[in-house]
Amino acid sequence: MHVRDAMSPMVLTIGPTHTLRQAAKLMAERKIGAAVVLDPEADGPGILTERDVLEAVAQGQDPETEICSDHLTPDAVTAMPDWEIGRAAAAMVSGGFRHLVVCQDGEVVGILSVRDIVRVFSERGQLATT
C-alpha cells in the first residue's frame, strides 16, 4: 500500500501571516488537525498543527495576534505519493509527529495523518481484532 492510497488530497493551506485564531477556526471547521503553511519566502512547505496552537495558548500567547509563522514547523517533513505506507509511518514515529505533507514535483498534493493510515488498514481488514 502506498501513501497515495491513504492520503487526503484535500489540504488546508494557509499563509504565514494568518493568526493562530484564524488557523484554528479553519482547522476546526474542517475537523482536521493540521494546516500546510505556504510561504513564498520559504524553501518548502511548513506545517501548523493543533499541538502548535495548543502550546501557544498554554504559554499565554494571544491567538488573535500571534501569527502562524512564529509557531509552525518550518521545512515540514514531506513524503512522496509512491512511498510505501510503512516508510511514511516510520518517518512519523522517528520524527515524533502525526502528519506528513505529501509533495510531487515540488507541489503539495496531499496530507497523510496517522488517522489516515489506521483508516485504510481498518477498511482493508488488516487490523487484528481481539
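Can you say whether residue 76 is touching a strand residue (DSSP E or B) at 6+ places or on another chain (Cβ under 6 Å), within 30 Å of residue 122 (Cβ to Cβ), at pLDDT below 95 and not β-branched (Val, Ile, Thr), as far as the supplied structure shows? Answer is yes for this residue.
Residues in segment 15-26 that are under 16 Å from the mean Cα position of the chain (by Cα) and either in contact (Cβ under 8 Å) with a residue 24 or more places away in the chain or part of a loop (DSSP other than H, G, I, E, B) (or both) were compared, and the one that is surrounded by the fewest Cβ atoms within 10 Å (Cβ to Cβ) is 15.
Taken together, the criteria place residue 102 among residues that are outside any loop (DSSP other than H, G, I, E, B), surrounded by 16 or more Cβ atoms within 10 Å (Cβ to Cβ) and modelled with pLDDT of 95 or more. When you look at residue 118, is it out of contact with any Ser or Thr (no Cβ under 7 Å at 6 or more places or on another chain), surrounded by 14 or more Cβ atoms within 10 Å (Cβ to Cβ) and under 21 Å from residue 3 (Cα atoms), yes or no? In short, no.
Residue-wise test of (1) in a helix (DSSP H, G or I); (2) surrounded by 20 or more Cβ atoms within 10 Å (Cβ to Cβ); (3) touching a residue at least 24 places away in the same chain (Cβ under 8 Å).
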| residue | (1), (2), (3) |
| --- | --- |
| 29 | yes, no, no |
| 40 | no, no, no |
| 47 | no, yes, yes |
| 56 | yes, no, yes |
| 61 | no, no, yes |
| 69 | yes, no, yes |
| 75 | no, no, yes |
| 86 | yes, no, no |
| 89 | yes, no, yes |
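I'd like to check something: does segment 53-61 contain any residue that is within 26 Å of residue 15 (Cβ to Cβ), out of contact with any Phe, Trp or Tyr (no Cβ under 7 Å at 6 or more places or on another chain) and among the β-branched types (Val, Ile, Thr)?
yes
Among the criteria (1) exposed (fewer than 12 other Cβ atoms within 10 Å of the Cβ); (2) modelled with pLDDT of 95 or more; (3) aliphatic (A, V, I, L, M), the one residue 10 does not fulfil is (2). Within segment 105-114, restricting attention to residues that are surrounded by fewer than 16 Cβ atoms within 10 Å (Cβ to Cβ) and not in a strand (DSSP E or B), the residue that is nearest to the chain's Cα centre (by Cα) is 106. For the criterion of being β-branched (Val, Ile, Thr) and within 30 Å of residue 125 (Cβ to Cβ), residue 32 passes.
The values are calculated or read from the model by the stated rules, or taken from the named source; none is laboratory data. Since this is a predicted model, take the numbers as computed values, not measurements. Cβ atoms come from the backbone with ideal geometry, glycine included; neighbour counts cover every protein chain shown.
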